[in-house]
Amino acid sequence: MIHAKKVLPEYFEPLRDGRKRFELRREDPSEPCYAVGDYLALNEYEPGRAGDLDGLYTGRCLLYQITYVLHNDEFLAPGCVALGLKLAPLSFEDVQATLLPR
């Protein structure tokens, strides 16, 4: 399962350079729960200005494999999880294989 989510630039950079190796997320009851082994695609998103609802995706994305899921209402708000992440680099062949018809 791949969970595709928006991430603000202020959080994208620490993820990109390796300073941040976790992600805090609210689980949406209408979507599948996060699980170890799933992938998290984080798409950098610039929100619109105050009063402007339209934001822009920058085109930058990071792909992580979820290595740990912490559900703990004592330390996290109810419905929130902390995700342990491991960068899942893709080779050109991996990307090409997903784009070419079979």
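Free of Cβ contacts under 8 Å to residues at least 60 places away in the same chain, more than 27 Å from P89 (Cβ to Cβ) and of a type outside the set (A, V, I, L, M): does that describe F12?
no
Please pick out the residue among Y64, Y68, Y57, Y39 that is hydroxyl-bearing (S, T, Y) and surrounded by 15 or more Cβ atoms within 10 Å (Cβ to Cβ).
Y64
So which strands (runs of 3 or more DSSP E) stay within the stretch 14-79 end to end and still have 3 or more residues that are hydroxyl-bearing (S, T, Y) and within 16 Å of A4 (Cα to Cα)?
Because the criterion is at least 3 residues that are hydroxyl-bearing (S, T, Y) and within 16 Å of A4 (Cα to Cα), the strands (runs of 3 or more DSSP E) in the stretch 14-79 that meet it are 56-70.
Look at the stretch 1-13 and say how many of its residues are in a helix (DSSP H, G or I) and farther than 18 Å from G48 by Cβ.
Going through the stretch 1-13 one residue at a time, the tally reaches 1.
May I ask you to verify whether D28 is out of contact with any strand residue (DSSP E or B) (no Cβ under 8 Å at 6 or more places or on another chain), within 19 Å of C80 (Cα to Cα) and surrounded by 10 or more Cβ atoms within 10 Å (Cβ to Cβ)?
yes
Every read-out reported here was derived from the displayed coordinates using simple, explicitly stated rules and does not represent laboratory data. Owing to the predicted nature of the structure, the values given are computational and were not obtained by experimental measurement. Neighbour counts run over all protein chains shown; Cβ positions are idealised from the backbone, glycine included.
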